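Undergrad: Have a look at this one.
The values are calculated or read from the model by the stated rules, or taken from the named source; none is laboratory data. Only a predicted model underlies this, so the values are computations on that prediction, with no experimental measurement involved. FYI the Cβ positions are ideal-geometry reconstructions off the backbone, even for glycines, and counts take in every protein chain you see.
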Amino acid sequence: MMTLTRRSFLKGSTTGLAGAVVLPGLMTSLLAAAPSKIRIAARHFGGDCQRAKQAGMDGVEVGVGGRADTLEIADPAVRQKYKDSAQAAGLAVSSLSMDLLNTYPLFEDPQAPAWVGQCIDAAKDLGAKAMLVPFFGKANLVQGKEFKKDAVDALVGRLKELAPKAKAAGVTLGIECTLSAKKYLELLDRVGSEAVGAYYDIGNCTNAGLDVPADIKELKGRMCMIHFKDGGSYLGEGKVKMEPVAEALHAINYQGWIVLETSNPSKDAIADCKRNGDFARKLMGL
């Protein structure tokens with residue numbers, strides 16, 4: 001059997017590439033890095049795609065409405081307005097945000113699983129690949145540094161029931177809460193579905209004293225979306241150390257949406273969103 005040494009491999013590879021120059025542009029394409037698939041979206045504009053376009057966004061994260069037997073986003077007429085607006089602006093719906101679940105938690109409210117089901121259908125219709133399923137306020141999953149056992153047990157059961165529907169729709173349920181990567185993985189491993197992932201928020205986790213770059217690296221392959229924000233500051237000017245965040249995202253080859261949940265220090269939402277979006281693109285080398 002012939003032994004392939006590093007020298008012979010490099011020699012053979014060089015010869016093969018040299019022979020490829022007869023095909024125009026092939027050498028360039030072989031040596032060039034693959035373009036990033038990261039895109040930038042915003043929550044700022046209530047799904048108003050024209051304003052998001054003015055801010056230089058690639059997409060918008062859309063809210064699903066308040067408590068009702070049938071959520072606003074489940075109305076085909078409402079979704080058609082979003083689709084028409086997105087098409088006219090040349091933008092995408094990056095994701096849906098189920099903010100009502102902070103008040104009516106998925107682990108206890110009797111209507112919550114049906115709402116998630118409605119939103120899975122809506123996300124599929126809108127072309128959104130992820131949903132923000134939040135756990136803040138009344139829906140908080142931890143007490144101190146430990147999970148609330150009964151709440152998490154109930155949540156895992158409901159997520160296991162919802163995950164097959166989400167997977168069939170091509171939609172990931174993104175769990176957003178202030179957890180370390182260890183705790184995130186503990187929860188996700190209990191659910192055991194690729195249709196349930198982490199929706200990570202760098203601002204919340206920095207404020208909680210977590211090691212954000214280390215946690216991002218540990219969540220490789222399990223993070224479906226990420227929020228960029230830094231309290232009342234512009235990105236790069238507050239508490240969050242943005243360069244290590246970018247390095248961590250590149251280290252795990254993150255290729256999803258970065259969703260801006262940034263503030264408006266100047267009170268001009270479009271200008272401030274554009275400023276933060278431009279910063280994020282430069283930071284990530286987009």
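Undergrad: Quick one: in the stretch 141-175, of everything that is part of a helix (DSSP H, G or I), free of Cβ contacts under 8 Å to residues at least 24 places away in the same chain and not basic (Lys, Arg), which residue is nearest to GLN118 (Cα to Cα)? Working first, answer last.
TA: Kept after step one, since they are part of a helix (DSSP H, G or I), are these residues of the stretch 141-175: 149-169.
Pick out the ones that are also free of Cβ contacts under 8 Å to residues at least 24 places away in the same chain and you get 149-150, 153, 157, 168.
Among the residues that remain, those that are also not basic (Lys, Arg) are: 150, 153, 157, 168.
Numbers: ASP150: 25, ASP153: 23, GLY157: 18, ALA168: 14 Å.
Looking at residues that are part of a helix (DSSP H, G or I), free of Cβ contacts under 8 Å to residues at least 24 places away in the same chain and not basic (Lys, Arg), I get ALA168.
Undergrad: If you don't mind, there's one more thing I want to ask. Name the one entry in LEU187, LEU179 that is buried (at least 22 other Cβ atoms within 10 Å of the Cβ) and either modelled with pLDDT of 95 or more or under 24 Å from ILE258 (Cβ atoms) (or both).
TA: Values: LEU187 fails: buried (at least 22 other Cβ atoms within 10 Å of the Cβ).
So the residue among LEU187, LEU179 that is buried (at least 22 other Cβ atoms within 10 Å of the Cβ) and either modelled with pLDDT of 95 or more or under 24 Å from ILE258 (Cβ atoms) (or both) is LEU179.
Undergrad: While we're looking at this one, here's another question. Would you mind stating whether SER85 is under 16 Å from the mean Cα position of the chain (by Cα) and either more than 15 Å from GLY174 (Cα to Cα) or hydroxyl-bearing (Ser, Thr, Tyr) (or both)?
TA: no
Undergrad: Something else now. Exactly one condition in (1) among the basic types (Lys, Arg); (2) more than 18 Å from the chain's Cα centre (by Cα); (3) farther than 25 Å from ALA55 by Cβ is not met by ARG222; state its number.
TA: Going through the list (1) among the basic types (Lys, Arg); (2) more than 18 Å from the chain's Cα centre (by Cα); (3) farther than 25 Å from ALA55 by Cβ, ARG222 breaks only (2).
Undergrad: Tally time: how many residues in the stretch 41-57 are outside any helix (DSSP H, G or I), touching a residue at least 24 places away in the same chain (Cβ under 8 Å), more than 17 Å from CYS224 (Cβ to Cβ) and not aromatic (Phe, Trp, Tyr)?
TA: Residues of the stretch 41-57 outside any helix (DSSP H, G or I): 41-48, 55-57.
From what is left, the residues that are touching a residue at least 24 places away in the same chain (Cβ under 8 Å) are 41-45, 47-48, 55-57.
Add one more test, that the residue is more than 17 Å from CYS224 (Cβ to Cβ), and what stays is 42, 44-45, 47-48, 55-57.
Imposing the further condition that a residue be not aromatic (Phe, Trp, Tyr) reduces the set to 42, 44, 47-48, 55-57.
Final tally of qualifying residues: 7.
Undergrad: Going by what's in this entry, would LYS165 be described as on the phi < 0 side of the Ramachandran plot and modelled with pLDDT of 95 or more?
TA: Answer is yes for this residue.
Undergrad: Same structure, new question: SER266 fails exactly one of the following numbered conditions: (1) surrounded by fewer than 20 Cβ atoms within 10 Å (Cβ to Cβ); (2) under 19 Å from the mean Cα position of the chain (by Cα); (3) over 25 Å from ALA128 (Cβ atoms). What is the number of that condition?
TA: Among (1) surrounded by fewer than 20 Cβ atoms within 10 Å (Cβ to Cβ); (2) under 19 Å from the mean Cα position of the chain (by Cα); (3) over 25 Å from ALA128 (Cβ atoms), SER266 violates only (2).
Undergrad: Exactly one condition in (1) at pLDDT below 95; (2) within 20 Å of TYR104 (Cα to Cα) is not met by GLY144; state its number.
TA: GLY144 satisfies every listed condition except (2).
Undergrad: Next up: Going by the structure shown, is LEU283 in contact with a strand residue (DSSP E or B) (Cβ under 8 Å, 6 or more places away or on another chain) and buried (at least 16 other Cβ atoms within 10 Å of the Cβ)? Steps first, answer last, please.
TA: Numbers: in contact with a strand residue (DSSP E or B) (Cβ under 8 Å, 6 or more places away or on another chain): no; buried (at least 16 other Cβ atoms within 10 Å of the Cβ): yes.
In short, no.
Table: residues versus (1) assigned to a loop (DSSP other than H, G, I, E, B); (2) closer than 23 Å to LYS53 by Cβ; (3) touching a Pro at 6+ places or on another chain (Cβ under 6 Å); (4) basic (Lys, Arg).
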site: TYR199; (1), (2), (3), (4): no, no, no, no
site: LEU210; (1), (2), (3), (4): yes, no, no, no
site: GLU237; (1), (2), (3), (4): yes, no, no, no
site: ALA280; (1), (2), (3), (4): no, yes, no, no
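Undergrad: I want to confirm something. Restricting to the stretch 60-77 and keeping residues that are more than 23 Å from the chain's Cα centre (by Cα) and not in a loop (DSSP other than H, G, I, E, B), which single residue is surrounded by the fewest Cβ atoms within 10 Å (Cβ to Cβ)?
TA: Among residues in the stretch 60-77 that are more than 23 Å from the chain's Cα centre (by Cα) and not in a loop (DSSP other than H, G, I, E, B), the one surrounded by the fewest Cβ atoms within 10 Å (Cβ to Cβ) is ALA77.
Undergrad: Separate question: May I ask you to say which residue of VAL64, VAL93 is modelled with pLDDT of 95 or more and in contact with a Cys (Cβ under 7 Å, 6 or more places away or on another chain)?
TA: On the way: VAL93 fails: in contact with a Cys (Cβ under 7 Å, 6 or more places away or on another chain).
VAL64 is the lone residue from the list that is modelled with pLDDT of 95 or more and in contact with a Cys (Cβ under 7 Å, 6 or more places away or on another chain).
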